[in-house]
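Asks: First, the structure itself, so that you have it in front of you.
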Amino acid sequence: MLNMDGSKPLVVLDDQILLLDQRRLPKEVFYYKANSVDDVCFAIKEMVVRGAPFIGIVAAFGMYLGIKATENKDEFIKKAEYSYDCLSKTRPTAVNLFFALDRIKQVIDEKIDILPTHKLINKIRATAFSLWEAQKEQDTAIGELGAEFLKTRRNILTHCNTGELATGGIGTALGVIKTMHKKGYLDMVYVDETRPYLQGVRLTAFELEKEGIDYRVVTDNSCGILMKKGLIDAVIVGADRIARNGDTANKVGTYCLAVVAKRHNIPFIVAAPESTIDRNIASLNEIVVEQRSEDEVLNFGGSLISPNNAKAVNYSFDLTDNELISAIITEKKVYTRYEF
Ligand code: MRU
């Protein structure tokens, strides 16, 4: 019996994948059915699914859907190229998308002359599963390392959603929070609502509730008063791309949090898998920041909230300089400021 109660963000069937539609959570548990690579491209672009590592995993299954019905090598190569191209154009900032696509491409390049087409197709599917499994293990390791690192910091502020919905495992920053809760290290989680897509109030709150973790939703501009009142012991966020020097791209609003945390001497922590570190880029100057539709800012709950002619600017991410980051926690280790 297929479990579609919303407890899984992704269900893989033989010829389609089901994606828990994050646009509708927490009000409605609805699975978007992706039968083709075009469906997957739509789902990533329109944020049916989101979160850097999860985008990568879903894209890997998208590659599988793109090539699954191929008879011969020529057709396979054409379809693989089309799928790679379509998926790589969906969202530009999260490096995990390109990491996963390149992993699939590497398997194709290595095996195309060795394996018959049907075996190659199975191998792509297996590689997508192994990326997902690896992410789950990485999340657990990040959770352990992070929880011990933050042990004495009992009140945590977080931004966006970095949990299961964003990774397919326990999550990165939210995985640390969940692990702290399990170990009895946590008193309170403050959850930024995260305008305009509301990943905090909708998705992080949804996950914290499932785990029975005490939390308060706060507006995105509350960090100043919360920190001034001494309510926050540490800030922990995820990342979409980390440059070699530790500069980090993450959901818009992250940089503002880091600046205010520095002013209050509060540790500002980034949690992400090693695959989020883009060793090809030296600093934040080389990170492409996605800009999304003005409508996301000017509308709320499906209704226009601005005057008809209002214009908006909608950077989906911002860039935080390494000097504002106290530590970056990956599955391998805790990098402190001077190791970036
Ligand atoms: O636009 P989104 O929702 O895909 O942005 C997500 C974030 O910014 C997350 O913090 C980041 O991807 C890390 S998820 C573990």
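The values are calculated or read from the model by the stated rules, or taken from the named source; none is laboratory data. Keep in mind it's a predicted model, so treat the numbers as computed, not measured. Here the Cβ positions follow ideal geometry from the backbone for every residue, glycine too, while neighbour counts run over all protein chains shown. Accessible surface areas use protein heavy atoms only, side chains included; no ligands, DNA or RNA. Shrake-Rupley method; radii C 1.70, N 1.55, O 1.52, S 1.80 Å.
Asks: In Å², what does the accessible area per residue of the chain work out to with a 1.4 Å probe? Present the calculation step by step, with values, prior to reporting the outcome.
Replies: Details: 14890 Å² over 340 residues.
With the other protein chains kept in place, the chain gives 44 Å² per residue.
Asks: If I stretch the segment between N265 and E81 completely, what's the gain in nm (0.36 nm per residue apart, minus their alpha carbon distance), one decimal?
Replies: Values: separation 184, 0.36 × 184 = 66.24 nm, distance 4.89 nm.
Difference between extended and current length: 61.3 nm.
Asks: At 1.567 mPa s and 4 °C, plugging the Kirkwood radius over alpha-carbon pairs of segment 175-232 into Stokes-Einstein gives what diffusion coefficient in µm²/s? The partial results should precede the final answer.
Replies: Values: Rh = 11.9 Å.
Calculated translational D: 109 µm²/s.
Asks: I would also like to ask the following. Using each residue's phi in segment 49-58, evaluate 6.51 cos²θ - 1.76 cosθ + 1.60 at θ = phi - 60° and report the 3J(HN,Hα) Karplus result to the nearest Hz, with x for Gly and Pro.
Replies: 10, 7, x, 3, x, 5, 4, x, 5, 5
Asks: What trypsin sites (Lys or Arg not before Pro) does segment 155-195 have in DSSP loop regions with at most 16 other beta carbons within 10 Å? Working shown, then result.
Replies: Numbers: sites: K178, K182, K183; in loops: K183.
Counting only loop positions with at most 16 other Cβ atoms within 10 Å, the trypsin sites (Lys or Arg not before Pro) in segment 155-195 are K183.
Asks: Which of the GluC sites (Glu not before Pro) found in segment 73-130 are in a DSSP loop and have at most 13 neighbouring Cβ atoms, other than their own, within 10 Å? List each step's numbers first, then the result.
Replies: On the way: sites: E75, E81, E110; in loops: none.
Passing sites in segment 73-130 do not exist.
Asks: Also, I was wondering about something else. Do the sum for the chain: with -39,500 (n - 2.57) for every DSSP H run of n ≥ 4, divided by all residues, what is the mean residue ellipticity at 222 nm, to the nearest 500 deg cm²/dmol?
Replies: Details: 11 runs with 133 residues, N = 340.
About -12000 deg cm²/dmol.
Asks: Compute the helix-to-body angle for 73-88: its Cα long axis versus the longest principal axis of the chain, expressed 0 to 90° and rounded to tens.
Replies: With both axes taken from Cα atoms, the answer is about 20 degrees.
Asks: While we're here: Taking the C-alpha atoms of segment 151-306, how large are the radius of gyration and the largest Cα-Cα span, Dmax, in Å?
Replies: 15.6, 45
Asks: Which angle between 0 and 90 degrees, to the nearest 10, do you get for helix 173-182 versus the longest principal axis of the chain when only C-alpha atoms count?
Replies: That works out to roughly 70 degrees.
Asks: Specify which residue in the list I57, P26, I77 is farthest towards the positive end of the charge dipole of segment 10-137, using unit charges on the beta carbon of Lys, Arg (+1) and Asp, Glu (-1), about the Cα centre.
Replies: P26
Asks: Treat every Asp and Glu Cβ in the chain as -1 and every Lys and Arg Cβ as +1, leave all other atoms uncharged, and give the resulting dipole magnitude about the Cα centre to the nearest 20 debye.
Replies: Numbers: 43 positive and 46 negative charges, 122 e Å.
For the chain, the charge dipole is close to 580 debye.
Asks: Per 10 Å bin, what percent of the C-alpha pairs of segment 10-137 does each bin hold, from zero upward?
Replies: Pair shares across the bins are 14, 47, 31, 7, 1.
Asks: Can you give the % of DSSP beta bridges in the chain that are antiparallel, to the nearest 5?
Replies: On the way: 19 of 37 bridges.
Bridges in the chain that DSSP calls antiparallel: roughly 50 percent.
Asks: Quick one: if you take sqrt(5λ) for each eigenvalue of the C-alpha gyration tensor of segment 107-204, what semi-axes come out, biggest first, whole angstrom?
Replies: 36, 17, 8
Asks: Mind scanning K89/K332; K79/K178; K68/K136; K78/K210; K27/K311 and naming the pairs with a C-alpha gap bigger than 32 Å? Show your work: numbers first, answer last.
Replies: Details: K89/K332 30 Å; K79/K178 40 Å; K68/K136 25 Å; K78/K210 43 Å; K27/K311 29 Å.
Violating the 32 Å limit, Cα to Cα: K79/K178; K78/K210.
Asks: Follow-up question, since we're still on this one. Taking 30 Å as the cut-off for C-alpha to C-alpha distance, list the pairs among K182/K251; K73/K251; K45/K182 that go past it. Mind dumping the intermediate values first?
Replies: Working: K182/K251 26 Å; K73/K251 40 Å; K45/K182 34 Å.
Distance filter (> 30 Å) returns K73/K251; K45/K182.
Asks: Please report the carbon-and-sulfur percent of the accessible area for the chain; probe 1.4 Å, protein heavy atoms only, DNA, RNA and ligands left out.
Replies: Details: 7560 of 14890 Å².
For the chain, the apolar C and S fraction of the accessible surface comes to 51 percent.
Asks: Kirkwood hydrodynamic radius for the chain: how many Å is it when counted over pairs of different Cα atoms?
Replies: Numbers: mean 1/r = 0.0491 Å⁻¹.
Kirkwood radius, the chain: 20.4 Å.
Asks: Sticking with this one: Find, among the trypsin sites (Lys or Arg not before Pro) in segment 1-110, those assigned to loop by DSSP (not H, G, I, E, B) with at most 10 other beta-carbon atoms within 10 angstrom.
Replies: Details: sites: R23, R24, K27, K33, K45, R50, K68, K73, K78, K79, K89, R103, K105; in loops: R23, R24, K27, R50, K68, K89.
When the trypsin sites (Lys or Arg not before Pro) of segment 1-110 are filtered for loop state and at most 10 Cβ neighbours within 10 Å, K27 remain.
Asks: Please figure out what share of the DSSP beta bridges in segment 166-318 is antiparallel and state it in percent, rounded to the nearest 5.
Replies: Details: 7 of 15 bridges.
Counting only bridges with both partners in segment 166-318, antiparallel ones make up about 45 percent.
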